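Report on one structure; see the data block that follows.
The values are calculated or read from the model by the stated rules, or taken from the named source; none is laboratory data. For clarity, every value in this text was computed on a predicted model and none was experimentally measured. Don't worry about glycine lacking a Cβ; one is built from the backbone with ideal geometry, like all the others, and counts go over all protein chains shown.
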Amino acid sequence: MTVDAVPPRIVGVTTFDAPDGTRLACHHVGAQGEPLVVLPGGPMHAAAYLGDLGGLSAYHPLALPDPRGTGDSAVPADPATYRCDRQVGDVEALRIHLGLERMNLAAHSAGATLALLYAARHPERVGRLVLIAPSPRPVGLEITDADRREVAELRRDEPWFPEAFAAFERIWAGGATPEDWAAIAPFTYGRDAAARARRAREVNRHHPQAAAGYYADGAFAPEAVRSALGRLRVPVLLIAGEFDVGLPPARAGGYAELFPQAEFAVQRGGGHFPWLDDPAWLSQRIAAFLR
């Protein structure tokens, strides 16, 4: 699959006000035109870690907002507004700021929770929806230890596997330490896993208080989210990584089936950050979906 690329161009950063007056920032990358709005995960990571999704900006302009309290966005006066459902208004304010009647929306990991809550509340404002390694939490999709073990076992031939897998087994047994959680980080990545895990530990781009509040009690009811998504009549692309223990492909397929119009794609050799593992595959797959 190939898509004709256009030269990328960095536009810059714009700011806009959330409904509660919090000043929010959005980074613009790529050629002029109607952008794909990309919500970062974490939860509550600044958008910088997304880069330009493996070169997607060469095919399609991107709008990358920093969630409230992260990156170039201001810290809100009320910490309770970090809860994901209370950030739906931030996404709607961004749509208005961009002057879009309907917007193409993408999201990574925990950012998919916000994207789905937005789509459930404003289905008429979504054109196309791209979910990249989405969190299973908003739809109540159960990922068992057996599911994760099956995916983890695929990495047995990698040099870091014995130490990381032993830490995983301690987590599954209920006796985990903070060091164990750090030790399983290579399972998050597909290629160059150990090196990428080390680099990720050196840079912390999320707001701890914001991350803690994102999934606070009362944020959503999975049954209601699933019901709303079953009525969502927009094209959806759900992307999973072959090695992603957070959303194993065997469960991701069921996730895609919650939508009336969904495509499901698995990146071979990919983990939880597919733009790092095979950037050309990801950027071209998304660009083709948006055409």
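Tabulated values for the structure
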quantity: Residue match in segment 127-137 (condition: surrounded by 21 or more Cβ atoms within 10 Å (Cβ to Cβ), at pLDDT 95 or above, part of a helix (DSSP H, G or I) and touching a strand residue (DSSP E or B) at 6+ places or on another chain (Cβ under 6 Å)); calculated: no
quantity: Pairs, first more than 17 Å from PRO235 (Cα to Cα) in segment 105-118, second of a type in the set (S, T, N, Q) and at pLDDT 95 or above, C-beta under 9 Å, six or more apart; calculated: SER109/SER135; ALA110/SER135; GLY111/SER135; THR113/SER135; LEU114/GLN87
quantity: Residue pairs meeting the criteria (Cβ under 6 Å; at least 6 apart or on separate chains; first among the small types (Gly, Ala, Ser), in segment 74-91; second modelled with pLDDT of 95 or more); calculated: ALA74/THR22; ALA74/ARG23; GLY89/PRO19
quantity: Test result for ARG149, surrounded by 11 or more Cβ atoms within 10 Å (Cβ to Cβ), assigned to a helix (DSSP H, G or I) and in contact with a helix residue (DSSP H, G or I) (Cβ under 9 Å, 6 or more places away or on another chain); calculated: yes
quantity: Check on LEU94, over 18 Å from ALA47 (Cβ atoms) and either more than 15 Å from the chain's Cα centre (by Cα) or in contact (Cβ under 8 Å) with a residue 40 or more places away in the chain (or both); calculated: no
quantity: Leading residue by the ranking (surrounded by the fewest Cβ atoms within 10 Å (Cβ to Cβ)) among those in segment 221-237 that are within 20 Å of the chain's Cα centre (by Cα) and in a loop (DSSP other than H, G, I, E, B); calculated: ALA221
quantity: Pick from segment 182-196, criterion in a helix (DSSP H, G or I) and within 20 Å of the chain's Cα centre (by Cα), ranking: surrounded by the most Cβ atoms within 10 Å (Cβ to Cβ); calculated: PHE187
quantity: Selection within segment 243-274 - more than 24 Å from LEU232 (Cβ to Cβ) and surrounded by fewer than 17 Cβ atoms within 10 Å (Cβ to Cβ); calculated: ARG268, GLY269
quantity: Hits in segment 84-112 (condition: more than 28 Å from ALA240 (Cα to Cα) and small (Gly, Ala, Ser)); calculated: ALA93, GLY99
quantity: Number of positions in segment 232-291 that are closer than 26 Å to ALA146 by Cβ, of a type in the set (A, V, I, L, M, F, W, C) and in contact with a strand residue (DSSP E or B) (Cβ under 7 Å, 6 or more places away or on another chain); calculated: 11
quantity: Criterion (acidic (Asp, Glu) and part of a helix (DSSP H, G or I)) met by exactly one of GLU158, GLU163; calculated: GLU163
quantity: Any hit, segment 252-267, residues being under 21 Å from ARG121 (Cα atoms) and free of Cβ contacts under 8 Å to residues at least 24 places away in the same chain; calculated: yes
quantity: Segment 276-289, residues that are over 15 Å from LEU238 (Cβ atoms) and buried (at least 23 other Cβ atoms within 10 Å of the Cβ); calculated: ASP277, SER283
quantity: Criterion: at pLDDT below 95, at negative phi and part of a strand (DSSP E or B) - qualifying residue of VAL6, VAL11; calculated: VAL11
